[in-house]
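Taking it in order: structure first as structure tokens, then the write-up.
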Amino acid sequence: MKKSILVLGLVVGVITSSVNAQSRTVKAARAINHTKDAIAGIINLEPIDVVAEYVHKKKDAVSDLYTANDLKFDASMSLVDTGKRKTDTTEIKVGKTRIVVIGEPKIEKIYMEKDSTGDYEAEAKASSKKDDDDNKKHEGELEFSIGYNGLLENGSTSLSAGNQGLRLINGKSTNVNLTYNQYFNIYRENIRLSVGLGLDWNNYRLAGDSTAMPGGTSFAFSKDSLVNSIDFTKNKLLARYVTLPVMLHFKSNEFKNGKAVGVSGGVELGYLLNGRVKQISEEKGKTKVNDTFHLNDLRYGFIGRVNYGSMGIYGKYYPQSTFNKNEGPDLNTFCVGITIGLD
């Protein structure tokens with residue numbers, strides 16, 4: 001009797017297992033067919049708007065399919081506007097798979113892609129952010145500066161009697177600079193190094209009527225009384241240099257308005273391109289004489305700057321003499337002015 005009951009129990013267990021297995025097989029088959037029908041339905045549709053409506057309506061059904069098959073996929077769906085396309089494109093994301101539909105109103109092509117990362121949108125955003133960060137690490141900027149240009153003798157703007165011919169009109173002696181700087185991040189954007197290439201003009205607007213003479217063994221003014229008696233409305237000595245500035249920049253975090261405070265310092269190397277004397281008078285009209293006028297061929301200077309946003313105040317000082325050694329007065333050039341970053 002006990003054996004019969006045991007056998008009967010085993011038979012019932014086998015039958016129950018068989019029925020359950022058959023039931024799961026039927027569910028799986030239905031799920032697969034349902035999935036095929038869903039994809040076939042999308043392929044047979046033509047308008048993009050209908051595809052979107054269809055997917056949203058089928059969201060719950062597809063979720064049920066995945067649950068029935070015990071496939072642990074995310075059944076969320078989204079429509080993605082690629083933004084950059086030659087033809088209208090709709091991307092439908094289903095779990096880790098996306099369906100790309102090209103063409104509107106008539107569908108030109110439909111294909112499916114496996115998304116290995118599980119979130120191709122996040123990957124695109126991360127890639128875009130990385131590109132932005134890389135650009136910031138090595139960004140360049142055009143910078144324009146204009147200011148006052150002066151001469152110092154032993155640290156004073158008052159020149160000795162022997163150098164009165166180089167006495168300047170302060171409001172009209174200018175320094176103009178145009179430089180392209182390439183920035184390299186050392187610590188985020190708070191500490192950066194820049195290397196630039198630019199042009200620098202030093203305009204020394206002479207207050208007297210003396211005329212600087214080209215050539216010779218040293219810088220000198222004409223001793224001709226007739227020349228010196230001319231009343232010039234403009235009497236200017238110009239020095240133009242190609243420059244190579246190297247600077248270290250410290251910048252605060254940006255404020256709510258997007259601007260920050262910065263402090264910079266460094267050195268500038270300069271090579272003389274040319275010198276020029278330009279004069280305007282009633283007697284001689286406008287005259288220009290190009291010569292080096294014994295100006296320093298190769299010079300270096302120190303640069304300092306404080307800025308708020310793209311606007312700043314700069315100062316430059318050249319410890320070397322404005323003229324070549326033993327070829328002119330021992331004077332030093334300094335500049336003070338404003339600088340503007342041209343993004």
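Tally Lys and Arg at +1 and Asp and Glu at -1 over the other residues with C-beta under 14 Å from the C-beta of A220: what net charge comes out?
Residues close to A220 contribute a combined charge of -2.
Given 0.36 nm per residue, what is the gain on full extension from V242 to R188 after removing their alpha carbon distance, in nm?
16.4 nm
Between rounded, prolate and oblate, where does the range 136-342 land on the alpha carbon gyration tensor, with a ≥ b ≥ c its root eigenvalues, rounded for a/c under 1.5, else prolate if a/b exceeds b/c?
Prolate.
Decide, for the range 264-343, between rounded, prolate and oblate: order the square roots of the alpha carbon gyration tensor eigenvalues as a ≥ b ≥ c, take rounded if a/c falls under 1.5, and otherwise choose prolate if a/b is larger than b/c, else oblate.
Judged from the Cα gyration tensor, the range 264-343 comes out oblate (a/c at least 1.5, b/c at or above a/b).
Shape verdict for the range 196-304, please, from the Cα gyration tensor: rounded (a/c under 1.5), prolate (a/b greater than b/c) or oblate.
prolate
For a quick protection proxy, order the peptides 307-314, 151-158 by their average other-Cβ count within 10 Å, most packed first.
Result, highest mean Cβ count within 10 Å first: 307-314, 151-158.
Would you tally the net charge around V263, using a Cβ to Cβ cut-off of less than 11 Å, leaving V263 out, and scoring K and R as +1, D and E as -1?
+2
Once label points are set 7 Å from the Cα along Cα→Cβ at both K284 and S158, what is their separation, rounded to one decimal in nm?
With each label placed 7 Å out from Cα toward Cβ, I get 3.2 nm.
Here, each number is a calculation from the coordinates, and none is a lab measurement. Note that the structure is predicted; figures quoted are calculated from it, not measured. Cβ atoms come from the backbone with ideal geometry, glycine included; neighbour counts cover every protein chain shown.
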